[in-house]
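Below is one structure, written out as structure tokens; the observations come after it.
The values are calculated or read from the model by the stated rules, or taken from the named source; none is laboratory data. Since the model is a prediction, treat every value here as computed from it, not as a measurement. So basically every Cβ, Gly included, is an ideal-geometry build from the backbone, and we count neighbours across all protein chains shown.
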Amino acid sequence: MVDISPSLAPPRARRPLGQAVARFRRHRMAMGGLVFLVAMGLIVVFAPFFLPYTYDGQDFNFIGSPGAMSAQHWLGTDELGRDALTRLVYGGRVSLGVGLLGAVISTVLGTAIGAVSGFYRGLVDIVLMRFTDVMLSIPTLPLVLLLSTFFRPSPVLLIGIVGGLIWMGTARLVRAQFLALREREYVEAARALGAGGARLMFRHILPNAVGPISVAATLAVGTSIMMESGLSFLGFGILPPVPTWGNLLNAASAWLGIAPWLAIPPGLCIFCTVLAVNFVGEGLRDALEPRL
Amino acid sequence: MPIDAPGAGAPSETLLRVSNLKKHFPIRGGLFGQPAVAVKAIDDISFDIGRGEVVGLVGESGSGKTTVGRTILRLTEPTSGQILFDGQDIAALTPQQMRAQRKRMQIVFQDPDASLNPRETIRQAIGRALRLHNIGTRGEREGRIVDLLEQVGLSGDYIDRYPHEFSGGQRQRIGIARALAVEPEFIVADEPVSALDVSVQAQVINLMEDLTQRLNLTMLFIAHDLAVVEHISNRVIVMYLGKIMEIAPSSTLYAAPRHPYTRALMSAVPRPDPTFKRQRVLLQGDIPSPINPPSGCVFRSRCPVAGPECAGNVPALEQIGEGHFSACIKNHEFA
């Protein structure tokens, strides 16, 4: 028998994952975005334990109109005398939480629908994709307006609404991946060995589609933060007194002329966070799909 | 090799009998997606493969040879016709029955880069084949995988490596090991060496030849390269545009090809002999569209000897010698 001696063994190549991590680390904007997001996450989770105020505690010295920035209230107070920095941090909890969970729902939903559609093709595909088209063509705002007249907005409901409105891009992407990967020879080989549908989908196709899915998931975080903020700003999302970056912006808009320090921080937070998420998504795309 | 088995055309025991097999891929068009036209990838072909026989299947790109292999394993559903494997009609089995049969028939793919899941180690890839068919206990499987690797000339130390750590030839060996894992009787080798370097091609072919003899495998060896097929096959089937043009024992086919298409293919085989004077039969143009093949003999649009009479009937395979069949109305003019 021909035996290739161990000395001729190919050198251990880097695992694909290791290469992707190395590529990601070379991507400066993505690393910057990641650092920003991690910092923001830590602040939002842990800072409330160190803040002297609660998000709805009032300082009656500053009631009636917004208080200026001072040593006690770094970012000033709103017209009800509540500390703006405290509300910003608590608002970040809600906004980031809704953004993250909305993206999770969107990714799970989009992946499931896209996977079934691309794997089974035929009638299933047609039905699911036309449903996706319908969802894409529904204008978000009127739908949300309608829903908010039936349900009192709650964080859980909002997460569901956000996730339920942004999964379509992921579904199309995953479908395309499944259509392409199901024809791969290693999938055929598994089929020739008698592997069934679920095994083919979860063991052979899905792991090889993880790259594009994680990019889509990351970008979905940005989209859902934007959507949550937009809805809260318009008063259809999380309702005061619970702060979110969106409804803080809404509350501050009335005082824009005399107290711009109330509007700028939440706006900047939304802007920078979404930008950072998109940079990270960009970096992930470059790291996981180097050919594109 | 090539083995000139006695009565190669009529093998003692038939393992696989394909009769009147058709595979048409409908092309949907029109407002409601009704099938308007169809690509006739396989258009009414019949052949037998005897137990222990290696049959070569050759033809240009687009002749339908890969579809034949895939349809036999039911990776593609046939449009009509029968595929009898050991007396059982493969095309009529339920998915559960088919699953049990899959242990008996396996496939080796063309592209070693694509035929292994990049996220699985060799242990996982081959282990899955064993697990799917409940071969061995958990503890026995490792030894079995190492055996298989050694059988295809790889070291058992490689068991926990990923496909990208191997060369193309090594990956093809792993693909062969995976196919052999379930101890099949029949293997479809779909252009197993076309993607490899010439020097590696020879190694892999030798390995396959060695394995077929040692394990008494029956094989359908698909290739577009006649020289490769000559080496390994007992019999050769020549396909063109979804139809069989010629079937002959390899020695006969290479010494005396009869069908004009086979002759053209043969004249394109490079010979490592500078004194060899070849009669080049050059084919003009490309293979016609299988959506709208020429009437009568499908080869007539490119055939150097075609006449107006070839446009009439589709020529049937006609026996012209011991196990030698050719589908040409001028079979006897060019003997």
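Of all positions in segment B:170-179, at least one carries a residue that is within 10 Å of another protein chain (Cβ to nearest Cβ), buried (at least 22 other Cβ atoms within 10 Å of the Cβ) and basic (K, R). The number of residues in segment B:126-146 being surrounded by fewer than 20 Cβ atoms within 10 Å (Cβ to Cβ) and not basic (K, R) comes to 11. Checked against the criteria, B:R123 does not count as within 12 Å of chain A (Cβ to nearest Cβ) and either surrounded by 15 or more Cβ atoms within 10 Å (Cβ to Cβ) or not in a loop (DSSP other than H, G, I, E, B) (or both). So which residues in segment B:68-118 are among the polar types (S, T, N, Q), more than 8 Å from every other protein chain (Cβ to nearest Cβ) and in contact (Cβ under 8 Å) with a residue 60 or more places away in the chain? Passing the criteria: B:S80, B:Q82. Kindly evaluate B:G62 against the criterion of being modelled with pLDDT under 85 and either within 17 Å of B:L15 (Cα to Cα) or outside any loop (DSSP other than H, G, I, E, B) (or both). No, not satisfied.
Within segment B:130-150, the set of residues being more than 20 Å from A:A195 (Cβ to Cβ) and facing chain A (nearest Cβ under 7 Å) comprises just one member, B:E150. If the condition is being of a type outside the set (D, E, K, R) and part of a loop (DSSP other than H, G, I, E, B), then segment B:159-172 contributes B:Y162, B:F166, B:S167. Just one of the numbered conditions (1) within 11 Å of chain A (Cβ to nearest Cβ); (2) assigned to a helix (DSSP H, G or I); (3) touching a residue at least 60 places away in the same chain (Cβ under 8 Å) is not true of B:T212; which one? The number of the failed condition is (1). Restricting segment A:22-52 to residues that are touching a Lys or Arg at 6+ places or on another chain (Cβ under 8 Å) and closer than 18 Å to A:V94 by Cβ leaves a set whose member that is surrounded by the fewest Cβ atoms within 10 Å (Cβ to Cβ) is A:V45. Filtering segment A:83-129 to residues that are surrounded by 24 or more Cβ atoms within 10 Å (Cβ to Cβ) and among the basic types (K, R) leaves only A:R87. The residues on offer are A:L231, A:L249, A:L219, A:L206, and the sole one that is within 12 Å of another protein chain (Cβ to nearest Cβ), in a helix (DSSP H, G or I) and within 26 Å of the chain's Cα centre (by Cα) is A:L206. When A:L88, A:L100, A:L123, A:L141 are checked against the criterion of being at pLDDT 85 or above, in contact with a helix residue (DSSP H, G or I) (Cβ under 9 Å, 6 or more places away or on another chain) and within 30 Å of A:A171 (Cβ to Cβ), A:L100 stands alone in meeting it. A:V162 - would you say it is buried (at least 21 other Cβ atoms within 10 Å of the Cβ) and away from every other protein chain (no Cβ under 13 Å)? Spelling it out, A:V162 is indeed buried (at least 21 other Cβ atoms within 10 Å of the Cβ) and away from every other protein chain (no Cβ under 13 Å).
Entry remark, segment B:173-206: residues being in a helix (DSSP H, G or I) and at pLDDT 90 or above number 8 in total. Kindly check whether there is at least one residue in segment A:231-248 that is free of Cβ contacts under 8 Å to residues at least 60 places away in the same chain and over 18 Å from A:F151 (Cα atoms). Within segment A:231-248, not a single residue is free of Cβ contacts under 8 Å to residues at least 60 places away in the same chain and over 18 Å from A:F151 (Cα atoms).
This table checks each residue for (1) in contact (Cβ under 8 Å) with a residue 40 or more places away in the chain; (2) surrounded by 17 or more Cβ atoms within 10 Å (Cβ to Cβ).
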{"site": "B:R280", "(1), (2)": "no, no"}
{"site": "B:P288", "(1), (2)": "yes, yes"}
{"site": "B:N292", "(1), (2)": "yes, no"}
{"site": "B:S295", "(1), (2)": "no, no"}
{"site": "B:F299", "(1), (2)": "yes, yes"}
{"site": "B:I320", "(1), (2)": "yes, yes"}
{"site": "B:K330", "(1), (2)": "yes, yes"}
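Please list, ordered by first then second residue, the pairs with beta carbon atoms under 7 Å, 6 or more apart or interchain, first in segment B:249-264 and among the β-branched types (V, I, T), second not in a helix (DSSP H, G or I). Correct list of pairs: B:T252/B:G321; B:T252/B:H324; B:T262/B:V238; B:T262/B:M245; B:T262/B:E246.
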